[in-house]
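The values are calculated or read from the model by the stated rules, or taken from the named source; none is laboratory data. All figures in this text were calculated on a predicted structure; none of them were measured in a lab. With ideal geometry, Cβ positions are generated from the backbone for all residues, glycine too; neighbour counts draw on all protein chains shown.
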Amino acid sequence: MSKDIRIKRGLNLRLKGAAEKVTANAPRSRTFNIRPVDFHLTTPKMVVKEGAKLKAGDEVFYSKDQQDIRFLSPVSGTLTEVKRGAKRVITDVIIEAESEDSYRDFGVLETSKMTPETVKARLLEGGCWPFIKQRPYDVIANPEVMPSAIYISGFNTAPLAADYDFVLQGQEAALQAALDGLAMLTTGRVHVSVPKNDASPFKNLNGIELHSISGPHPAGNVGTLIGKVGPVNKGEVVWTIGAQDLVIIGNLFLSGHYKADRTIALAGSSVKAPKYYKTKLGAEVSTFVYDSGLNEENVRVISGDVLSGRSVSPKGHLGHYNTVVSIIPEGNDYEFFGWNKPIFNKISATRNMTFSWMQPKKEFELNTNTNGEHRAFVLTGMYEKVFPLDIFPMQILKACMVKDLDAMEQLGMYEVAPEDFALTEFVCVSKQPHQKIIREGLDIMYKEIG
Amino acid sequence: MGLKQKLHTLKEKYKGKKMAPAFNALHTFLYLPNEITHGGTHVKAADDLKRTMNIVIMALVPCLIFGIFNAGYQHYAAIDAAKGILTEPSLFGNFFTWDNFTLGAWQVLPLVAVSYGVGLAVEFLFAVIKGHEVEEGYLVTGMLVPLIVPVDIPLWMLAVAVVFGVVIGKEVFGGTGMNILNPALTIRAFLFFAYPTWMSGDKVWVHGAVERAGTADAISGETILGSYAQGQEVVYSLWDMFWGFVPGSVGETSKLLIIVGALILILTKIGSWRIIFSTLIGALVMGLIFNGVVSAGWIDESSKFFGLMDVPFWQHLIIGSILFGAVYMATDPVTASQTNKGKWIYGFLIGFISILIRVFNPAYPEGVFLAILLMNVFAPTIDHYVVQGNVKRRMKRLKVKTA
C-alpha cells in the first residue's frame with residue numbers, strides 16, 4: 001500500500017559534479033579503519049591487541065555500555081595500530097589488509113527459521129547492530145528496547161547524494177532478507193519512503209509499508225518520513241537504518257558472512273570524473289579519489305554529503321554510514337567586497353542581491369567558505385521555509401543552547417536528529433552551527449533523561 | 001594582491017589581542033573573511049548579516065535623500081508662507097533644487113554623522129571590552145535614527161540619546177540579537193521623554209522655526225497630526241502627504257518612497273510581509289472603529305478627540321509615520337515576534353494601538369513608536385502562546401498514543 005506525502009518546505013542544492021551512473025571497482029585499499037567517532041556516544045573496549053591477525057568478521061571491539069554490540073573487522077588482515085587521543089580515548093583503529101578476504105562464518109539464517117531471538121542474536125554477533133540507529137537521540141539502538149516502528153529512507157535528496165535506485169540494483173534478495181528479519185524486531189511496521197514515479201527496488205518487496213514522498217530536500221531524509229508518518233513521542237523508540245546498510249544485513253542472513261561492501265558515489269566539483277565505486281567500509285578514500293583524479297589542489301574531502309558529512313584528510317578512510325564521498329574546493333581566501341557585491345555563483349535562500357533564485361537550472365560550484373562571520377540569531381522566519389517538520393526550529397535551537405531540558409522535551413527534541421537541521425544551518429545568515437547545537441542538546445538529554 | 005596579503009598578515013598578528021574585534025570589523029568591511037566551515041554543513045548560503053543589513057540600509061537611502069531635499073523645501077516654504085505666499089510643490093520646479101539640497105544636507109548629514117559616529121564608537125567599545133566581533137545591527141539603527149528625529153534637533157541631544165539607546169537598549173542585554181526593545185525607537189523614546197519641550201509642539205519640525213519663534217520672522221513648523229489634534233484646518237492636500245511634501249521627521253514623510261522600501265524588503269525576503277500587512281490592517285480597523293464612533297454620533301465636534309477621530313480611516317496610513325514604522329521599525333526581526341502566526345498578531349496590535357494613541361493623546365499625537373515599543377515588550381509573550389500551541393499538539397499526540 002502506497003501513501004503519498006508531499007512536502008513543500010525545503011531547498012534543493014544543485015551542485016556541480018554529480019556522479020555519473022557508471023560503477024568502477026576501486027583498487028584494493030592497503031589499510032582499513034574503524035572510527036569510534038562514527039558511533040556517537042559509544043565507548044569502545046578492545047578485544048584484540050595490536051598485531052593480531054583478523055578475518056573479515058572477527059570482533060575488534062565492543063561497546064563498553066552495551067557489551068552485546070560488537071564491531072567487526074571489514075577485511076582480513078592485521079590490526080596494526082590503535083590511535084588514542086586525549087585521556088587515552090580510542091580515536092582510530094587501523095587494520096592492514098591482506099590481498100584477499102577470508103570470512104568468519106556465522107552460518108546462513110533462512111527466512112523460514114527466523115525468530116525475533118535468532119535475528120537479534122545474529123545482528124549482534126554478526127556486527128550489523130551498529131547500522132541500526134534509534135530516535136530519540138540518534139545513537140546506535142539499544143538492543144533491549146523494542147521499537148514501535150522502523151523507518152528506512154529508500155532515496156536520498158541531499159546534494160550530490162548517491163542514487164539508491166542505481167546502487168541497489170540487483171540487491172532485492174538481500175534487501176528482502178534484511179527487511180524480513182527486521183520486521184520481527186518491532187511491534188509496529190517497517191516504513192520505507194520512495195520517491196514518487198520511480199522504479200525503486202523497494203517497490204517490489206513484501207512486508208513493508210511504502211510511502212512515496214515528493215518535494216525538495218529533505219524529502220529523502222528519514223527524519224522527514226518519521227515526522228510525516230509518526231513523530232516520536234516521549235517514551236517511544238523508533239529505529240532508522242540506511243538503505244545500503246540493509247544490503248550488508250541481508251547478506252549476513254543469506255551468506256553468513258559480514259560483507260562490508262559499499263557502492264559509493266564519488267562526487268563534487270573538484271572531482272575530475274565523478275562516478276560510482278565499489279569499495280568497502282573503512283577503505284582509504286585515496287584509493288578511488290586518485291583513480292578518478294582531482295581538478296585542483298586545495299580541496300576538502302568529505303565522507304558523506306556536503307551538508308552533514310565529516311571532513312577527512314586525503315589519506316583518511318570512508319565512514320561507517322556514508323554512501324557518498326564529496327570533494328569540494330576549500331574557501332580559505334578573502335573576497336574583495338564579498339559582502340555587498342551582487343552574487344551570481346553561490347546559492348542563497350534569499351534575494352539579497354544574490355541571484356541563485358533566477359537560475360533554477362544552474363549547477364553551482366560552492367566552496368567551504370562560511371560567507372560571513374558567526375553572529376547571534378537575528379533574522380527570523382528563514383528556517384521555517386526549509387524545515388518540513390512540525391517543530392519550531394529557532395526555538396528548539398535556543399532551548400538547546402541554554403540547556404533547558406523541559407523546553408527541549410516540549411518542543412520536540414525526541415523527534416529530531418542533527419541532520420534534520422542541516423538545511424537550516426545552510427541558510428542561516430548568522431552562521432550558527434545548528435547541527436552541533438542539536439547534537440549537544442541530544443547528548444545532554446541522553447545523559448540527564450536517558 | 002598586495003593589500004589582501006598585508007591585511008592578512010596584520011590580522012594574524014592581532015589575533016587574540018584586545019583590539020582584534022575592532023580591526024576585524026574594518027577588515028571584514030573590505031574583504032569577505034577567509035573563514036571556512038568546521039563540522040556541520042560544509043557549504044553555507046551566500047548571505048550573511050552584513051549583506052542583510054546592507055539591503056535594509058539601501059532601502060532607507062531613498063527616504064534619506066528625499067528627507068534632505070524636504071528639509072530645505074519646508075524651510076523655504078514656511079518662510080514664504082509667513083510672508084503670505086502659498087507654495088505649490090512641484091518636483092523639479094521648487095523641490096529638487098540646489099538651495100533645498102544644500103540647506104537640507106547641512107542639517108541632515110550631521111545627524112547621520114553623529115548617529116553613526118557615536119553609535120559605532122559605543123559598539124566598538126563594547127566589542128573590545130567583551131571580546132566579541134562587532135555586530136552589524138547598528139548599521140541599520142544608525143541609519144534609522146536620523147530619519148525619525150526632527151530636523152532641528154541639537155546634535156548634543158542626539159549624541160546623548162544614541163549613547164543611552166545603544167547601551168541601555170541593546171548592549172546591557174548582550175548586544176545585537178539579544179535586545180528586547182528596538183534600539184532606534186529606544187533612542188526616539190529617550191528624546192521624547194527626556195526633552196519633551198523640544199520633541200513635541202509645533203516648532204521643531206521645520207528648520208529655523210525654533211530660533212525664529214517670537215520674532216517678526218516667525219514661521220510655522222506644524223505637522224499634519226498637530227493640526228488635526230488641535231482641530232485646525234489641514235493645509236496640505238492628500239497628494240502632498242503621499243508624495244511627502246509635508247513637515248515631519250526627516251525621513252518619514254514620503255509615503256511613496258516608504259512603499260518602494262517596503263517592496264525592496266519584501267522582495268529580498270528580509271522584511272516580514274506578514275508584519276507590514278497586519279500592521280496596516282490593524283491601523284485601518286482602528287480607524288474604521290473611530291469613524292464608526294463619529295458617524296454614530298457618540299461624540300461631537302466639541303470633543304478634543306473629534307479632529308483625529310473624524311479622519312477617514314484610510315488616511316491614517318498617509319499621515320504621520322505609521323507607514324514608516326510598519327515597514328522599517330516593526331519588522332526588526334530581533335524585537336518582533338519570531339513565529340509566523342505571532343507576526344500577524346504582533347503587527348495587527350501595533351497598527352491598532354498606534355491609531356488608538358494617535359487619537360487619544362493630543363499632546364503628542366504620533367503613537368506609532370510607543371505602540372511598537374509596547375508590542376516589543378509583548379512579542380515574547382505572543383510567541384510563547386504560539387509555541388504553546390505546538391507543545392499542546394505534541395502532548396495531545398502523546399495522550400492519544402498512550403490512551
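When B:K130 is evaluated against the numbered criteria (1) farther than 24 Å from B:G325 by Cβ; (2) modelled with pLDDT of 85 or more, which criterion, by number, is the only one it fails?
Unmet condition: (2).
Within region B:1-35, restricting attention to residues that are in a helix (DSSP H, G or I) and either of a type in the set (S, T, Y) or on the phi > 0 side of the Ramachandran plot (or both), which residue is surrounded by the fewest Cβ atoms within 10 Å (Cβ to Cβ)?
B:T9
Give the number of residues within region B:149-177 that are in a helix (DSSP H, G or I), buried (at least 18 other Cβ atoms within 10 Å of the Cβ) and within 14 Å of chain A (Cβ to nearest Cβ).
1
Pick from region A:365-384 the residues that are surrounded by fewer than 19 Cβ atoms within 10 Å (Cβ to Cβ) and more than 7 Å from chain B (Cβ to nearest Cβ): which of them is modelled with the highest pLDDT?
Of everything passing the filter in region A:365-384, A:E365 is modelled with the highest pLDDT.
For region B:36-148, please list each of the helices (runs of 4 or more DSSP H) lying entirely inside it that holds at least 3 residues being without any contact (Cβ under 8 Å) to a residue 24 or more places away in the chain.
B:49-82, B:98-130
Among the listed residues A:D443, A:D404, A:D420, identify the single one that is touching a Phe, Trp or Tyr at 6+ places or on another chain (Cβ under 9 Å), acidic (D, E), more than 12 Å from chain B (Cβ to nearest Cβ) and surrounded by fewer than 24 Cβ atoms within 10 Å (Cβ to Cβ).
A:D443
Out of (1) of a type in the set (D, E, K, R); (2) buried (at least 20 other Cβ atoms within 10 Å of the Cβ); (3) facing chain B (nearest Cβ under 8 Å); (4) part of a helix (DSSP H, G or I), what's the single condition that is false for A:K436?
Just one mismatch for A:K436, condition (2).
Could you grab me the full set of residues in region A:393-433 that are outside any helix (DSSP H, G or I) and small (G, A, S)? Steps first, answer last, please.
Step one: list which residues in region A:393-433 are outside any helix (DSSP H, G or I), which gives A:402-404, A:412, A:416-417, A:428-433.
The answer is A:G412, A:A417, A:S430.
As an exercise: evaluate A:E297 against (1) in contact with a helix residue (DSSP H, G or I) (Cβ under 9 Å, 6 or more places away or on another chain); (2) over 30 Å from A:P393 (Cα atoms); (3) free of Cβ contacts under 8 Å to residues at least 24 places away in the same chain; (4) not basic (K, R) and give the number of the one condition it does not meet.
Here A:E297 clears every test but (1).
Which of the residues belonging to region A:168-182 are within 17 Å of A:V222 (Cβ to Cβ) and in a helix (DSSP H, G or I)?
Of everything in region A:168-182, those that are within 17 Å of A:V222 (Cβ to Cβ) and in a helix (DSSP H, G or I) turn out to be A:L175, A:A178, A:L179, A:L182.
Out of all the residues in region A:175-216, which are touching a residue at least 60 places away in the same chain (Cβ under 8 Å) and closer than 23 Å to A:G127 by Cα?
A:L175, A:Q176, A:A177, A:A178, A:L179, A:D180, A:G181, A:L182, A:M184, A:L185
Which one of B:N100, B:N94 is crowded, with 21+ Cβ neighbours inside 10 Å and under 23 Å from B:I258 (Cα atoms)?
Answer to the check: B:N100.
Sort through A:Y276, A:Y258 and tell me the only one that's surrounded by 23 or more Cβ atoms within 10 Å (Cβ to Cβ), away from chain B (no Cβ under 14 Å) and in a loop (DSSP other than H, G, I, E, B).
None of the others qualify; the one that does is A:Y258.
Name the residue that is surrounded by the most Cβ atoms within 10 Å (Cβ to Cβ), counting only residues in region A:349-362 that are in contact with a Lys or Arg (Cβ under 9 Å, 6 or more places away or on another chain) and at the interface with another protein chain (Cβ under 10 Å from one of its Cβ atoms).
Per the criteria, the residue is A:N352.
I'm checking my understanding of the structure. Among residues of region A:100-146 that are crowded, with 20+ Cβ neighbours inside 10 Å and part of a helix (DSSP H, G or I), which one is nearest to the chain's Cα centre (by Cα)?
A:F131
Looking only at residues that are out of contact with any Leu (no Cβ under 6 Å at 6 or more places or on another chain) and among the aromatic types (F, W, Y) in region B:309-327, which one is surrounded by the most Cβ atoms within 10 Å (Cβ to Cβ)?
Applying the filter and picking the extreme gives B:F324.
Out of region A:298-318, which residues are within 11 Å of another protein chain (Cβ to nearest Cβ) and under 13 Å from B:H38 (Cα atoms)?
Correct list: A:R300, A:V301, A:I302, A:V306, A:L307, A:S308, A:G309, A:R310, A:S311.
Just checking, which of A:T43, A:T31, A:T80 is touching a helix residue (DSSP H, G or I) at 6+ places or on another chain (Cβ under 9 Å) and at negative phi?
So the residue among A:T43, A:T31, A:T80 that is touching a helix residue (DSSP H, G or I) at 6+ places or on another chain (Cβ under 9 Å) and at negative phi is A:T43.
Quick check on my filter: what residues within region A:219-245 are assigned to a helix (DSSP H, G or I), closer than 15 Å to A:V167 by Cβ and in contact with a strand residue (DSSP E or B) (Cβ under 7 Å, 6 or more places away or on another chain)? Break it down into steps so the answer makes sense when it comes.
Our first condition is that a residue be assigned to a helix (DSSP H, G or I); within region A:219-245, this holds for A:222-229, A:243-245.
Add one more test, that the residue is closer than 15 Å to A:V167 by Cβ, and what stays is A:243-245.
Passing the criteria: A:A243, A:Q244.
Based on what the data block shows, is A:K341 among the basic types (K, R), part of a loop (DSSP other than H, G, I, E, B) and under 30 Å from B:A25 (Cα atoms)?
The answer is yes for A:K341.
Restricting attention to region B:337-351, does a residue exist that is of a type outside the set (D, E, K, R), within 14 Å of another protein chain (Cβ to nearest Cβ) and over 23 Å from A:L389 (Cβ atoms)? Show your work before the answer.
Let us first name the residues in region B:337-351 that are of a type outside the set (D, E, K, R), namely B:337-340, B:342, B:344-351.
Filter once more, keeping what is within 14 Å of another protein chain (Cβ to nearest Cβ): B:337-340, B:342, B:344, B:346-347.
Filter once more, keeping what is over 23 Å from A:L389 (Cβ atoms): B:346-347.
Yes, there is a match, as at least one residue in region B:337-351 is of a type outside the set (D, E, K, R), within 14 Å of another protein chain (Cβ to nearest Cβ) and over 23 Å from A:L389 (Cβ atoms).
Name the residue that is farthest from A:R28 (Cα to Cα), counting only residues in region A:63-99 that are touching a strand residue (DSSP E or B) at 6+ places or on another chain (Cβ under 7 Å) and not in a strand (DSSP E or B).
A:K64
Could you say which residue among A:A161, A:A173, A:A149, A:A177 is surrounded by 23 or more Cβ atoms within 10 Å (Cβ to Cβ) and either over 16 Å from A:Q134 (Cα atoms) or in contact with a His (Cβ under 9 Å, 6 or more places away or on another chain) (or both)?
Numbers: A:A161 fails: surrounded by 23 or more Cβ atoms within 10 Å (Cβ to Cβ); A:A173 fails: surrounded by 23 or more Cβ atoms within 10 Å (Cβ to Cβ); A:A149 fails: surrounded by 23 or more Cβ atoms within 10 Å (Cβ to Cβ).
Residue meeting the stated conditions: A:A177.
Out of B:P146, B:P150, B:P110, which single residue is within 17 Å of the chain's Cα centre (by Cα) and at pLDDT 90 or above? Before the answer, list the steps.
Values: B:P150 fails: at pLDDT 90 or above; B:P110 fails: within 17 Å of the chain's Cα centre (by Cα).
None of the other options fit; the residue is B:P146.
Assuming A:S269 fulfils every condition listed in (1) away from chain B (no Cβ under 14 Å); (2) over 21 Å from A:G77 (Cβ atoms) apart from one, which condition is it?
That leaves (1) as the condition not met.
Only residues that are of a type in the set (S, T, N, Q) and within 24 Å of B:G342 (Cα to Cα): list them for region A:330-387, please.
Hits for region A:330-387 are A:T350, A:T380.
In this structure, does B:V334 turn out to be among the aliphatic types (A, V, I, L, M), crowded, with 21+ Cβ neighbours inside 10 Å and in contact (Cβ under 8 Å) with a residue 24 or more places away in the chain?
Numbers: among the aliphatic types (A, V, I, L, M): yes; crowded, with 21+ Cβ neighbours inside 10 Å: yes; in contact (Cβ under 8 Å) with a residue 24 or more places away in the chain: yes.
Yes; evaluated as a whole, the condition is true for this residue.
Quick one: in region B:21-35, which of the residues that are without any contact (Cβ under 8 Å) to a residue 40 or more places away in the chain and away from every other protein chain (no Cβ under 12 Å) is nearest to A:V429 (Cα to Cα)?
Filtering first and then ranking leaves B:L26.
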